[in-house]
Structures are given as C-alpha cells and as structure tokens.
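Have a look at the structure below before the remarks.
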Amino acid sequence: MMELQCKEIAAMVGGVCLGDENRLIHSPAKIEDAGAHQISFLANPKYLVHLDQCLAGALIVDHRLELPFLPSQTTIIKVADAYSSFSLILQAFQSEPVYHDGVHPQSTVDPTAVLGENVGIGPYSVVSLKVKIGAGCRIASQVYIGSGVHIGENCILHPGVRVLDGCQIGDRCILYANAVIGSDGFGYAPDKDQVYAKIPQTGIVILGNDVEVGANATIDRATMGATTVGDGCKIDNLVHLAHNVELGAHSVIAAQTGISGSTKVGEKCVFGGQVGVAGHIQIAPGSQIGGQTGVTHTIKDANRKWNGTPIMPYMDNQRSNALFRKLPQLESDLLAEIQSLKEAYTTLAREFEKAKA
Amino acid sequence: MMELQCKEIAAMVGGVCLGDENRLIHSPAKIEDAGAHQISFLANPKYLVHLDQCLAGALIVDHRLELPFLPSQTTIIKVADAYSSFSLILQAFQSEPVYHDGVHPQSTVDPTAVLGENVGIGPYSVVSLKVKIGAGCRIASQVYIGSGVHIGENCILHPGVRVLDGCQIGDRCILYANAVIGSDGFGYAPDKDQVYAKIPQTGIVILGNDVEVGANATIDRATMGATTVGDGCKIDNLVHLAHNVELGAHSVIAAQTGISGSTKVGEKCVFGGQVGVAGHIQIAPGSQIGGQTGVTHTIKDANRKWNGTPIMPYMDNQRSNALFRKLPQLESDLLAEIQSLKEAYTTLAREFEKAKA
Amino acid sequence: MMELQCKEIAAMVGGVCLGDENRLIHSPAKIEDAGAHQISFLANPKYLVHLDQCLAGALIVDHRLELPFLPSQTTIIKVADAYSSFSLILQAFQSEPVYHDGVHPQSTVDPTAVLGENVGIGPYSVVSLKVKIGAGCRIASQVYIGSGVHIGENCILHPGVRVLDGCQIGDRCILYANAVIGSDGFGYAPDKDQVYAKIPQTGIVILGNDVEVGANATIDRATMGATTVGDGCKIDNLVHLAHNVELGAHSVIAAQTGISGSTKVGEKCVFGGQVGVAGHIQIAPGSQIGGQTGVTHTIKDANRKWNGTPIMPYMDNQRSNALFRKLPQLESDLLAEIQSLKEAYTTLAREFEKAKA
C-alpha cells in the first residue's frame, strides 16, 4: 500500500500545509466518505456543507475558497488549482494495472513481428504477421493483434482487445477491455430483390496519439482508405464509429453514441451519451451535442450547443421542450380563449340585431 | 436427454394431474409450438385461443383459469401459480452450461490466488495475483480476473468476461459473455486549450449477491471509492454503468441503457431499454422508467412511472405525445377557428358601420 | 501487394477501356483521394466535380454518365453498373483476414467435435463437446464454441466470438469480433416483494445462411424454442436481439438497435441505428424504420417508412417535427391573433355601446 505524508503531497502539488504536515495518507476519497488516512478535495463552494462532518486526514483546498473554519483533525493543503492538483494526487495513489512483463510463454507472437524495448505481452495474446509494437507497450492477456498492425510507443491494450489486420495506432493510446478496432464496415449492396451482398471493406482504422477507446467500443475499418481518429480523442464504452468516419483531434464522445459512415467531425467536439449521428455529414469544430441527440444534418457553425431529435440549437430545443410538456394545457387554454371570444361575439351580434330591430 | 413423467412434474410443483399421468415429457415449449412430448403453460386467459389446436403432451394450468374443454391428447396439471410452477419446470429441463471442472491445465492461475472448493477454471483463463474465488464458482474459458479481485461463492463467469484489478463480486452472481467489470471511468480534465488529460481512476466496482450482468455490458470503476451494484440487481446486455454509479438493490435494467457518472439509483427501480440517465442525480426507489427515456434530472417521488426525453410523468408524456402526433391538425384547426372569428367580426363591424351611417 | 492492369480489371467487370489499358493498379480509393496506382469510380453525377483534380490511375464510370472531358492521366473503364462493378474490384483487392490454417496446437478441441474439410482454428480457441463445424470455416483465435453448437460451411468467426451451447449457425455466416450468440435471455420473475428470480432460458439461437453479426453485438437464446435470424440478415455492431425474437430473411439492422423479447420482424425490413423495439409485437415485411425510432406497437402495413418515438408514419412525423421546432413561434402567433381579435371586439363593443347611448 502506498503511503505519503501531507508535506510530501503538498510538495508534489506546490501547495501549503495548514495543520499536521506529518499525517500519513493512504488513499484518496470523496469528502463525504474520507477517513483519517484519506485525502479529499474542496474546489466548489457547494461542497462546503460537508466540511462540518469531514473526517478526512487531509483536504486539498482551492486557494480561492475561504473556509469558514479549520477542521481540527484535517490537514488543509492550499493549492492554486484544486482540480488539477487532485488529479496529480490520484495519479500518485493509482495502482497501474498489473500486466505481464516481457513476452508470456503462453502467447503467440509471429516471428515476423517487431517488438520495441520493454514490451509486455500477456498470456493467450496473439501477435500476427509483420506487426510492429513500439517501446513500452503493455499488451494484456487474451488480446488479438492482426497482421500488419502498427502500434506506437507506450500504449496499453487491456484484456480482450481486438485490433484487426492493417490498423495503425499512435503513441500513448489506451484501448480498454474488449474494444474492437478495425472490424468490417457495415456495407452491403442490395440487388433488385433487396437481397444484400457484402461490399468488401478494404480500408483500415488509424488512431492518432493519446487516443483512448472504451470497453466494448467498436471502430470499423473504412471501405477504402481509413477511418481516422485524431490525436487526443477520448471515446467512451460501447461507442460505435462506422466506416470512413473522420473524428477531429481532441474530440470527446460519451458512452453508447454512434456515428454513421463517412461523417466528418471537427476538432474539439463534445458528444453526450447515446447520441446518434447520420452518415455523410459534417460537424463543425467545437460543437457540443447533448445526450440522446439525433444529428440528422450537417452542422456548419462552430462552437455551438445542440440538442434534440431532430437536432436543434440547444436553447430553441429547451423552449420547444417546455411547450411540449404543456401542450395539453396550451391546447385547452387556446380553445377556451377562442370559445370565450365566440361567445362574446355572439352576444354582441345578438344585441346589435336587437338594436337594429 | 432429460425425461419426466407428468406425475413427477406434478409432484415437483405441487399440482394435480388431469389425464394420463404417465405421459413422458422431454422439454418445455410455447403452447403454440409444443408437441406430444413437450410441456407448456396457460396462465393468461388470452392464450386460451391456442387450446383448440394444442398438441402439447402436458399443460401447466393456473387453478384460477377455467378451461372450456379438456384436450384429449394433453395431460392438464393444475397448479396454484402457473408462472412460478413453469419456472421450476424450466429449471428441471435446463441444461447447465458445460464448463470445465477443476483448473484446466491451459489456464494461468497465479500461485498467490486462493480458490475455494470445486472451483472450475476453463482453458485460456487468467487468474491474477492475490485473487480469491469462492467455492463452487464456474469460471469459463478465456476469462480475465485481475489482481486482487474477490469473487464470492457459486458465481458463473461466462467466456470472455473481464473483471479488472481490485473489483469485488458477491455470491451467486452471473456475468455473461464478454461483460467488462472495472474498466476505467471516463474522466478527463480539459486544460485551457480543451486538450484532455486522463484523471486516474483509483476506485473499484462492488457487485452485491445475486447480481447478473449481461453480455457485452460494462460497469466502470469509480474515480475514488466504488461503483456499487446492490443485491439482486439484474443488468441486461450492452448496458453501461459509469464511474461511481450506485445502483440500489433489486433494480432491473434492460438492454442498452446507460447511467452516467455518480448517479444514485434507489432500490427496486425498473429501467426499460435504451434509457439514458444524466450524471450526478438521484432516482427514487421503485421508479419505473420507460424505454428510450432521457432522465435529465433527479426523481424525488418514489414508485412512479416516467417517460420521454426530457423525462415527464408517464401519463403527462402520453398526453403530450398524443398532441404532438396531431400538431399539424391542431394548428390548422386553431387557425381556422381564428379565421372564422375574424370573418364574423369583420361582417359585424361592416354591418355596424352601415347601420351607423 | 496485389497488382492488376487496367485491361485485366476491365475484363473482370465486362468493361471497356479508354486510355492506357496497361496501367498498373495497386488498390481502390475514393475519387478525391486516389493516386496514380489507385482505382476509383464515378456513378453519381454529383461526384463529377472531383473529375477536374482527379489523380486516379483508373476510374470505373457508369455508361449512363457522360464525362465532360477525359482526364489525361486516368484510364476510364466504362461499365454497365458502376456500383456492382466496383464491388467486384474491391473484392479483388481485398486481403482476407489472415487466420490460422488447420487446427492450431494451442487450441482446445473436444475429441467429440466433428470438423469438416479445411477448417481453420486459431490459437486459444475452444471447441466444446459434440460441436459440428462445416467445411471451409475459419475460426479465428480466442473464439469460444459451446457444446452442441452446429456451424455450417464457409463461415468466418472473428477473434473473441462466443457461440454458446446448442446454437445453430447456417452456411457462409460471418460473426465479427466479440459478438455473443446465445447468451441467456433477460427473463426474471418478480416475487411479491419485487425480488427477481431467474427464469431458466432453455432455448437456443438459430442463424440462417449468409447472416452477418457485427462486433460486440448480442443475440440471446430463447426462453423456450429458438431466437431466429433469417437467411441473409445483416446485423451491425452493438445490436441487441432479445430472447425469442424472430427476424425475417434479408432484414438489415444498423448499429446499436435493440429488439425486445418475442418480437417478430418480417422479411426485408431495414432498421436505422439506435432504434428501440418493444417486446411481443409484429413488424410487417419491408418496413423501414428511421434511426432512433421507438417502435412501441405492431406495424401491420408492409413496406412503409416510420420514424419518431413513439413511432409514426414518416411523413406525419416530419410534419409534427416541423411544428415542434416552431412551437414557441406558433404559440406566440396564436396568442397575438387572439389578442388582436379581443381588442377589435372590445373596440367594436365600446363603439356599439356609444352608438346605443
């Protein structure tokens, strides 16, 4: 078990200790759960309510946050930015996944494969013909790497990952368990009787550097050319990217979202979960797409928020949703207004007839 | 092949035979498909229509259900509760998956791992450092169990399951093929240029007793602490539970639903398929969420039905949906009413002017 | 690397060469990406804009398409149908996945299993009791085939596929990486306290001929009888078919769609991505269901287009969606009309009172 003194932690994040700087910390925890040997953090004033019953051994506190009092059993570590400091501390306490060092004797590595320095390959993994794996990669157990695949340096492939023939992966990528890279695109040509014949999928998948692909996610190979994922993209579990999708650098896609074939996504887009994106469209850089949105057409304006199926500008969707909720009320209000106008008119018309007479 | 006489089946479920009690039954079937050596059941009066052409060798019939006649070639077994009786019969005819007894020589079990009595481990499975596996567990082939994982008694882990470092699993759990327990949570901190850095995910996943997790489903480890699934929860295929989700006991989640990070779900909730749930919210116990619903905010009232995106009380959603369907009609009706009022007013105003003149 | 002369390609597709028929082609590419040794195609007039800057070595051109000029560095191959010709060319250049020939010594094949001629089984695959695998099947590595499974001829099972006990697979099927066939259906019976007990799932899955199942897709076994997928069905990644679903021949299902238990789908239906289908309903043959649709009830009329949640005829849904988008405008327009009528009425009534006086 990892163990650090508060002063060591403070030094690590450039912070200042208030209270016992020798206190020992074993692990990070949420402020409401933390015990005597745990460290938590306070950045958002709304979490100050937890301070009263805080039992944490240490608290990372944002320097902009004023504490109403100093808890006696807690060492306070003041820092410039609580979020990024705490991320460093999490890193310090994180235990790396324990995968095999070196090539496990129960793996199958083709003699034509080229492995860099310090590559680990776990039991029951397969490394096929002419594969190249860069230095420092950790290939866990039960992984399949197809022929001609190139993998950069310091990647982690978790158990059950499949990278199929010819795909290319950059440096420092992480592929989580059972992710599938390079399965055939979903392309079929219907004949006149609507019987479908498979269109061969001759392309590959190219992942840039620092890409992460979630557990059980799938990225299909291109029909021709490449399905591409730009540097720094983060893709959550169970996401699907279809053939020939091009995903711009530093885009982020939450779980269970699917992007259809040949769609091009700009840089730094953010997708909520369960978004569906039509094929053959473009999405402008910096677009933010809310969860469950159905992106039915091209988005031209960059850096805007979108929501709804079919997709609308976020605020317009909010307004339409608000009216959808009260549609029954709106209908009956409008009908009542019209009815009362009708009655008023009838009364007036009758009185007018009377007056004429 | 399993073979039971009708009287043996009747004894098994505490039922009473009408007809040939020595008839042999080989397997269960649906009433419309069942043949001479098959058994089916009748609980719901609407299935009485099938009685006429029923060829089943035996029928489990709910004692509350009056049969219009007794089919000559079918043994009737009257029971107190047809559903639960038939479930017992299914159990009797079910063939357990055939997985390896004992530790297969082609598996890799770390010497520090502790296995209970009668644990089976199939070929190409990996059991890592300091794992504990309780008595009676069936670990199929090609399973990965990470270091420090604890698994209770009598669990079944189907082929390709991944349980990653440190996760804890209760008794009698079933993890279906290719499910992934304990992949990293989807946590990244954007810098000022919106380039994302990974936030270490230091927590674990804890599954209670009698939990089932579907094929290709994913449950992510917590950033800190634990993602927890309460006793008796049933989770369908391709479901995603994000980091730090807490799922109350005996909740049921249908396929392809996703729950975002840190959301707390009460006990005995029921989720339809493809539901999306926002992060950092609470869902009251006994909530019933319809398929494809988007749960965008906290649900405070227990035991209610919800639907729609964004979520609404079920009946309100039905009413709004009904009006959505007839929006074009509603618009034209209202415009016609207004137009006819305008015309009536114009006529009246003209007549009034004439009268004045 | 594959290499073909333009005249060889022309012969292959029954086409006519204009330009250098000896030019060597190495691979197919999209028209905007193709280089001097690549071949592309032109079928749709809207892609003629790319002709100007086309660097392709060869172009398959539909005979109905008139080219404004002949690019000097490109051999034109005129054909009767550009799409189907190009599919043939893709096939010629496609490299088959490189899986093991014969039975790999590091696989586990039960002695009771029966393998046809030329069956390949990759490392770390498991073939259980009494399995039958037809001639020409390619079983990749890390595949699990449960006891009693029957697989037809010339199937491909990619790495990590799981076919569980008793399931049956036709000829020429392709199961992509990590697909799971025959996991237990999601069936539980709640007791009076809403604690769920598992209903045994005693049935199987039957796939017809020429079926393809995408990466990480799941098809559950029936409670009794069989979940069936008809001949020629194409199922994309991450799709879920629940227990006792019956899918008609030549139906096509895009990624992340889910079909609930016991639903029967007719022949030649087409499902977009992320569609959700309720249980125990029927869908008429030839139905076309748009992406993200929620199919809440039986569809009786064949060959129609549907959209929306809850499902509506496609054009009706388009019209309602159009009004949903302008609901705020519609509300304020209607209120303004009513307000102006009220004012007109008030003025008239006041004048009338004045006149009477």
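Odds and ends about this structure:
- All conditions but one from (1) more than 30 Å from C:PRO190 (Cα to Cα); (2) without any contact (Cβ under 8 Å) to a residue 40 or more places away in the chain apply to B:LEU70; the one that does not is (2).
- Of the residues examined, B:LYS30 is one that is among the basic types (Lys, Arg) and assigned to a loop (DSSP other than H, G, I, E, B).
- Residue in segment C:266-274 that is farther than 25 Å from A:VAL277 by Cα and assigned to a loop (DSSP other than H, G, I, E, B) present: yes
- Only one of A:ALA336, A:ALA344, A:ALA322 that is among the small types (Gly, Ala, Ser) and under 44 Å from the mean Cα position of the chain (by Cα): A:ALA322
- C:HIS150 being open to solvent by 10 Å² or more (accessible area, probe 1.4 Å) and either within 14 Å of chain B (Cβ to nearest Cβ) or within 27 Å of the chain's Cα centre (by Cα) (or both): yes
- Meets criteria (crowded, with 17+ Cβ neighbours inside 10 Å and either at the interface with chain B (Cβ under 8 Å from one of its Cβ atoms) or in contact (Cβ under 8 Å) with a residue 60 or more places away in the chain (or both)) for A:LEU341: yes
- Applying the criterion of being away from chain C (no Cβ under 14 Å) and not in a loop (DSSP other than H, G, I, E, B) to the residues of segment B:229-247, the residue that is surrounded by the fewest Cβ atoms within 10 Å (Cβ to Cβ) is B:GLU246.
- Set side by side, the residues C:GLY294, C:GLY258 differ, and just one is small (Gly, Ala, Ser), more than 23 Å from B:ARG319 (Cβ to Cβ) and open to solvent by less than 60 Å² (accessible area, probe 1.4 Å), which is C:GLY258.
- Of all residues in segment B:174-228, those that are within 8 Å of chain A (Cβ to nearest Cβ), more than 14 Å from A:ASP236 (Cα to Cα) and part of a strand (DSSP E or B) total 2.
- Test: residue in segment B:249-268 that is within 11 Å of chain C (Cβ to nearest Cβ), over 14 Å from the mean Cα position of the chain (by Cα) and among the small types (Gly, Ala, Ser): no
Table: residues versus (1) of a type outside the set (Gly, Ala, Ser); (2) within 30 Å of the chain's Cα centre (by Cα); (3) not in a helix (DSSP H, G or I).
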{"site": "C:ALA10", "(1), (2), (3)": "no, no, no"}
{"site": "C:ALA34", "(1), (2), (3)": "no, yes, yes"}
{"site": "C:LEU51", "(1), (2), (3)": "yes, no, no"}
{"site": "C:LEU67", "(1), (2), (3)": "yes, no, yes"}
{"site": "C:GLN91", "(1), (2), (3)": "yes, yes, no"}
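- Taken over segment C:297-324, residues that are out of contact with any helix residue (DSSP H, G or I) (no Cβ under 6 Å at 6 or more places or on another chain) and open to solvent by 40 Å² or more (accessible area, probe 1.4 Å) amount to 13.
- Residue within segment A:22-39 that is more than 25 Å from A:SER95 (Cβ to Cβ) and among the hydrophobic types (A, V, I, L, M, F, W, C) present: no
- On inspection, B:ASN154 fails the criterion of being within 19 Å of C:LEU238 (Cα to Cα) and part of a loop (DSSP other than H, G, I, E, B).
- The number of residues in segment C:130-147 being within 14 Å of chain B (Cβ to nearest Cβ) and part of a loop (DSSP other than H, G, I, E, B) comes to 8.
- Qualifying residue in segment A:170-188 (condition: over 26 Å from the mean Cα position of the chain (by Cα) and within 24 Å of C:SER87 (Cα to Cα)): yes
- Scanning segment A:45-74 for residues that are under 21 Å from B:THR202 (Cα atoms) and open to solvent by less than 60 Å² (accessible area, probe 1.4 Å) gives A:CYS54, A:ALA56, A:GLY57, A:ALA58, A:LEU59, A:ILE60, A:VAL61.
- For C:GLY279, the stated conditions do not hold, so it cannot be described as touching a residue at least 40 places away in the same chain (Cβ under 8 Å), away from chain A (no Cβ under 11 Å) and either open to solvent by 10 Å² or more (accessible area, probe 1.4 Å) or not in a strand (DSSP E or B) (or both).
- Near pairs, Cβ below 9 angstrom, 6+ apart or cross-chain, from segment A:313-328 (in contact (Cβ under 8 Å) with a residue 12 or more places away in the chain) to any residue that is of a type in the set (D, E, K, R) and not in a helix (DSSP H, G or I): A:TYR314/A:ARG304; A:TYR314/A:LYS305; A:SER320/C:LYS326
Conditions tested, residue by residue: (1) free of Cβ contacts under 8 Å to residues at least 60 places away in the same chain; (2) hydrophobic (A, V, I, L, M, F, W, C).
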residue	(1), (2)
C:TYR196	yes, no
C:PRO200	yes, no
C:LEU207	yes, yes
C:GLU212	yes, no
C:GLY225	yes, no
C:ASP231	no, no
C:LEU238	yes, yes
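- Residue check for B:PRO285: open to solvent by 60 Å² or more (accessible area, probe 1.4 Å) and either more than 10 Å from chain A (Cβ to nearest Cβ) or not in a helix (DSSP H, G or I) (or both): yes
- Filter pass, A:ASP171 being more than 27 Å from C:ILE31 (Cβ to Cβ), outside any strand (DSSP E or B) and either open to solvent by 40 Å² or more (accessible area, probe 1.4 Å) or modelled with pLDDT of 95 or more (or both): yes
- Filtered residues of segment B:153-166 (kept if open to solvent by less than 10 Å² (accessible area, probe 1.4 Å) and out of contact with any Asp or Glu (no Cβ under 9 Å at 6 or more places or on another chain)): B:LEU157, B:PRO159, B:GLY160, B:VAL161, B:ARG162, B:VAL163
- For C:ILE77, the conditions (1) open to solvent by 50 Å² or more (accessible area, probe 1.4 Å); (2) over 19 Å from A:SER262 (Cβ atoms) all hold with the exception of (1).
- Per this entry, C:ASP110 is not counted among residues that are loosely packed, with under 14 Cβ neighbours inside 10 Å and in contact with a strand residue (DSSP E or B) (Cβ under 9 Å, 6 or more places away or on another chain).
- Selection count where residues are of a type in the set (A, V, I, L, M, F, W, C) and either surrounded by fewer than 19 Cβ atoms within 10 Å (Cβ to Cβ) or more than 14 Å from chain C (Cβ to nearest Cβ) (or both), scope segment A:114-129: 4
- Residue under evaluation A:PRO310, criteria (1) touching a Ser or Thr at 6+ places or on another chain (Cβ under 6 Å); (2) modelled with pLDDT of 95 or more, criterion not met: (2)
The values are calculated or read from the model by the stated rules, or taken from the named source; none is laboratory data. Remember, predicted model here, so these are calculated numbers, not experimental data. In this analysis, Cβ positions are derived from the backbone assuming ideal geometry, glycine residues included, and neighbour counts consider all displayed protein chains. Just the protein is used for accessible areas: all its heavy atoms, side chains included, with ligands, DNA and RNA removed. Shrake-Rupley method; radii C 1.70, N 1.55, O 1.52, S 1.80 Å.
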